[in-house]
């Protein structure tokens, strides 16, 4: 009897060390988008960036399967086999029991780049699920599976919305004195420069001469 108890405890300890529960498969195919951005082939790069990488192989396999089934019209290769690359970096993929409920979190970042290295899109898929500890149910698996399902759905929709000509341009700083549209910004005088031939307290005609630019009409400091 004692040996059976020891074996049972060892089995539980081994199961606890294998990472989070396996997730249920999830995919969200769009009949109008067979492959992101109208391409025929993508390389899929999935990297586990978690501090503790338990169950990494199972997690990566589940993500890969979810995306491949969401875009059945694509030919999918491993990283480096095609210039067109979709990259996923996983930051959280975990579930824990806390305060009478199972708390699950799935967080990863998504980016896509073309053969020239230009970034086509980038976004985050961050999902959290809280599930009560229902009796007679595998609540751990249900919680992490729901968070995973939501993250796959967000990822599939984000990639499906990527157009063939989309490209993220680096932000450019507007040169001093120029407007975003290319025009020149009007010079705004400092308080010490607000001197002119007219005062707001003047009782005479305060109208500027015809043709004067009102934006630069000098006003005496009060």
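Bear in mind that the values in this text are calculations on the coordinates, not laboratory data. Since the model is a prediction, treat every value here as computed from it, not as a measurement. Every residue, glycine as well, gets a Cβ built from its backbone with ideal geometry; the counts of neighbours run over all protein chains shown.
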Cα-projected label distance for residue 57 with residue 114, points at 7 Å along beta-carbon direction, nm: 3.8
Fraction of antiparallel bridges per DSSP, segment 20-160 only, in percent to nearest 5: 75
Spacing of the two label points (7 Å from each Cα toward its C-beta) at residue 65 and residue 24, in nm: 1.4
Spacing of the two label points (7 Å from each Cα toward its C-beta) at residue 126 and residue 98, in nm: 1.5
Rg and Dmax [Cα atoms of segment 26-147; Å; Rg one decimal, Dmax integer]: 16.2, 54
